[in-house]
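Report on one structure; see the data block that follows.
The values are calculated or read from the model by the stated rules, or taken from the named source; none is laboratory data. Being a predicted model, the structure only gives us computed values, none of them experimental. Virtual Cβ from ideal backbone geometry, glycine too; neighbours counted across all protein chains shown.
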Amino acid sequence: MKWKSIILFFSFLISVACGSNTTYKKTISKEGKIIEFAEHFELIQDSGFVRLHILDAENKSIKFRAVLAKKVPSSLPKDYVFIQTPVKRMIALSSTHIGMLSKLEGINSVVGVSNQKYIDNKELLERTKSGKAIELGDEGMIPMESIVRSKAELIVFSDFGNPFPHATQLTKLGFTILPNVDWREEQPLGKAEWIKLYGYLVGKEKESTEIFNSIKEKYLELKQQMKSVSKRPSVISGNLIGDIWYAPNGKSYNAQLISDAGGEYVYAKTEGTGSIMRSMEQILSEKGSTKFWINPGFKSKQEITVYNPKLKLVPAFQNNQVYCYSARMNYFWEMSAVEPHLVLEDLILIFHPELAKKKNFNFYSRIN
């Protein structure tokens, strides 16, 4: 579980460059666009079908093109693959994919997962136990035979820059491989908006839009409420891995959440959307008076000090102001991306308990 947490931590913070070299020119009218906040994918209404574009994180070129429709269009656009919707059999290899499908009550379409020990969703756990969904193992080492045995129509994987295993052979066998880069989104609402993609995939377009609009309304209301906060407590995020402290950069997803919750992130002025690296000595000398420490990745203070005794020198540790989602790790990784308003509620409760309307946590808890 520790290594799983570290892998997820990196996927949450670190940017990877990948994709095409051809810059994408936006030529579709604004009226046809379905996506509002997300920067790394597009859904565009066309004549009788929807175009899906997965965009390169660095230059916004299109790295994957697909047409989503109930039947093949009479004229399939050049360089587009066809995905027949609704998809009945899908391999979902990331926790965020599972969370979004669960919000849409679309778990019954999942026939393959990475590892059931990292799943929180009870319906999906039952599907894996009964054999309706099979475990495929780590994404980079999935046997092709297991994928073929799943009889999946679609494979959705998190694209961290490496090609999906056996991609060429699987494509020849008729499998469609869809790269997901929701983890590259910098805005919480941008990441949550990926639920629309799953809505179109499983035939619940209307439901996904309604769910997202509700999330957006709640998130923006909370964000607006915290704009008037005059005193913003200092916050540090992340943890020591080896001899290096990894913290979110100033333009990152986590930094945005801290700011929207009325916190003063200590590295808010740093550039970039990935992670910033600091030594333990730098953390103590640069940011020694930080009031709150979030996302250490451990379940208890004892675990923290066993990992590295120096961590107890962090003032927030000494003042009992350390908070994390580690008590419900699997649940957090499944649901936090599609429910950023609930993460925001938690952070407001941590930073400004006197202003929080909700007095109990959704994901977080104090580390004791």
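Taking the criterion of being over 21 Å from the mean Cα position of the chain (by Cα) and buried (at least 17 other Cβ atoms within 10 Å of the Cβ), the residues of segment 112-136 that qualify are R127, T128, A133, I134. Can you name the residue in segment 300-337 that is among the β-branched types (V, I, T) and touching a residue at least 60 places away in the same chain (Cβ under 8 Å) and is also farthest from V266 (Cα to Cα) among such residues? Checked segment 300-337; the qualifying residue farthest from V266 (Cα to Cα) is I304. Going through (1) more than 24 Å from H40 (Cα to Cα); (2) in a loop (DSSP other than H, G, I, E, B) one by one, E58 falls short only on (1). Within segment 122-136, residues that are without any contact (Cβ under 8 Å) to a residue 40 or more places away in the chain and under 19 Å from I155 (Cβ atoms) reach partners that are assigned to a helix (DSSP H, G or I) and of a type outside the set (G, A, S) with beta carbons closer than 6 Å, at six or more positions or on different chains, in the pairs L124/I107; T128/Q116; A133/R127; E135/Q116. Quick check: is even one residue across segment 163-173 buried (at least 20 other Cβ atoms within 10 Å of the Cβ) and in a helix (DSSP H, G or I)? For segment 163-173, residues buried (at least 20 other Cβ atoms within 10 Å of the Cβ) and in a helix (DSSP H, G or I): absent.
For S230, the criteria (1) out of contact with any Asp or Glu (no Cβ under 9 Å at 6 or more places or on another chain); (2) assigned to a helix (DSSP H, G or I); (3) of a type in the set (S, T, Y) hold in every case but one, which is (2). Does V338 satisfy being at pLDDT 95 or above, of a type outside the set (K, R), in contact with a helix residue (DSSP H, G or I) (Cβ under 9 Å, 6 or more places away or on another chain) and assigned by TED's automatic domain parsing to the domain that holds Y246? Yes. Selection of segment 190-222 for residues being part of a loop (DSSP other than H, G, I, E, B) and either in contact with a Pro (Cβ under 7 Å, 6 or more places away or on another chain) or under 21 Å from L55 (Cα atoms) (or both) yields E193, W194, V202, G203. Looking for whichever is assigned to a helix (DSSP H, G or I) and within 27 Å of the chain's Cα centre (by Cα) here; the options are I304, I276. Which one fits? After applying the criteria, what remains is I304. One residue stands out in segment 354-368 among those that are farther than 28 Å from L101 by Cβ and in contact with a Lys or Arg (Cβ under 8 Å, 6 or more places away or on another chain): the one that is surrounded by the most Cβ atoms within 10 Å (Cβ to Cβ), namely I367.
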